[in-house]
1. Note down the nm distance, to one decimal, between modelled labels 7 Å out along Cα→Cβ at D217 and at S369.
2. Mind listing the long-range amide H neighbours of R246? Cut-off is under 5 Å, sequence gap 5 or more, other chains count too, H placed in the peptide plane at 1.01 Å from N.
3. Shape verdict for the stretch 125-361, please, from the Cα gyration tensor: rounded (a/c under 1.5), prolate (a/b greater than b/c) or oblate.
4. Given the pairs K28/K337; K170/K340; K173/K337; K7/K340; K7/K168; K170/K344, which are separated by over 26 angstrom at their Cα positions?
5. Extension gain R92-R346, at 0.36 nm per residue separation less the Cα-Cα distance, in nm?
6. Any idea how far apart M1 and Q265 come out in nm if each label point goes 7 Å out from Cα toward Cβ?
7. Can you list the DSSP H helices in the chain whose Cα atoms extend at least 24 Å along the helix axis and whose mean Kyte-Doolittle hydropathy is 1.0 or higher?
8. Can you give me the distance in nm between label points at D146 and S228, each placed 7 Å from the Cα along the Cα-to-Cβ direction?
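The values are calculated or read from the model by the stated rules, or taken from the named source; none is laboratory data. None of the values given here were measured: they were computed from a predicted structure. Note: ideal-geometry Cβ built from the backbone for every residue, glycine included; neighbour counts use all protein chains shown. Just the protein is used for accessible areas: all its heavy atoms, side chains included, with ligands, DNA and RNA removed. Shrake-Rupley method; radii C 1.70, N 1.55, O 1.52, S 1.80 Å.
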Amino acid sequence: MTITEVKTHLIHVAIPEASRVESGAGLKLARQMCLIELKTDEGISGYGSPSGPFDLPLLRRIVELFTRHLLGADPSHVAHLWHCIYHGEVSRNLGNRGIGVAALSGVDVALWDLRARALGVPLFELLGGRYHTGGVRTYASSIYWDLSPGQAAEEALRYVEKGFTAIKLKVGKEPRQDIERLKAIRKSVASGVEVLVDANQSLSRSEALGLLPALEDLGVYWFEEPISVDDIEGHRMLCQARRRVRIATGENLYTRYAFSDFIRQGAIDVLQADVSRTGGFTEVRGIVEAAAVSHLDWNPHTFNDVLTTVANLHLVAASPHPAMFEWDVTHNELMTKLIKQPLKVRNGQVAPPADPGLGVEIDWDFVASHPWSGEVSIGLGYGMRR
Ligand SMILES: [Mg+2]
């Protein structure tokens, strides 16, 4: 089997004003994706998507740069293709962190999708077989900044009533309000429900260290992206200061080398390497092993579209790490309408599709009716204004 065509489809779906959310990552105006399609001479296609938000025409141009390695290649030689692209186009040209690695991640997912489709097996089988046999535990992502403590508690309760056993709260704008909202949520949901917090790197080192004792007292499960990912020493200080709360980061780290710096310095408890951003299955499988060897957890970030989500889900399903899988509960039609049979959370758990490859069928009518035409997806948020 050889690759005969590399296509990209740029998709834009506006978020209705009443459903827009704001965190330290900014104000979300739209959902966008660069859907990568690899066609072959055997009539099978593989699909992947870089987990954004990234500039869509830039992603398209970068995938075009990769095409010279892909056209005419056998997609089963995925590790070789990964290295040709990484060393040929990414590390020497685009840089070893950021959008180039994300674009490579989308291509890598499409190559693995092709391999599994050609073999007629679901991806989790190819990645080691299903480990989480009863389904993968999810957490509701997320409760946002603009809610009062009472509203946040009500929203948390709604997720619990839907079957979620874990919920994430966005923090980092005003620590005193964060604590009030956390207290209200903790009071409203049963003690068995885990509460996670995510600051999207918007706190200073001293603010994060100052917030930590309250998070401990309130039994928070993890403290995600507390501070800038450039501050490894600050993460190490948080890891030394924490008792029960896990320090989580990784949605803005790229390749195993970025994670190895955190691991070596004892600056991380939960590695959030995203298959569709950190380097694809080829790279993240190594990160999953590194986490296991270091007695740390791997719980991927995933928050873009259903292809990025289902890619991570297949690897989680085949991984022995305790599952705590991010489930986007915001208004996101790229989760609910892009494929013909949307994934469903039942009793707080989700199972990977059992059809070959990623196991999803794209609704091409939806793709055709949501073309990107120059819109931005993120407005200037609090973290970018100060
Ligand atoms: Mg996050």
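1. 5.2 nm
2. W222, F223
3. Judged from the Cα gyration tensor, the stretch 125-361 comes out oblate (a/c at least 1.5, b/c at or above a/b).
4. Going by Cα-Cα distance, K170/K340; K173/K337; K7/K168 fall outside the 26 Å limit.
5. 86.9 nm
6. Here the answer is 4.2 nm between the modelled labels.
7. Values: long enough: 99-119 (30 Å, 1.09).
Once both thresholds are applied, what remains is 99-119.
8. Taking the two extended label points, one gets 2.9 nm.
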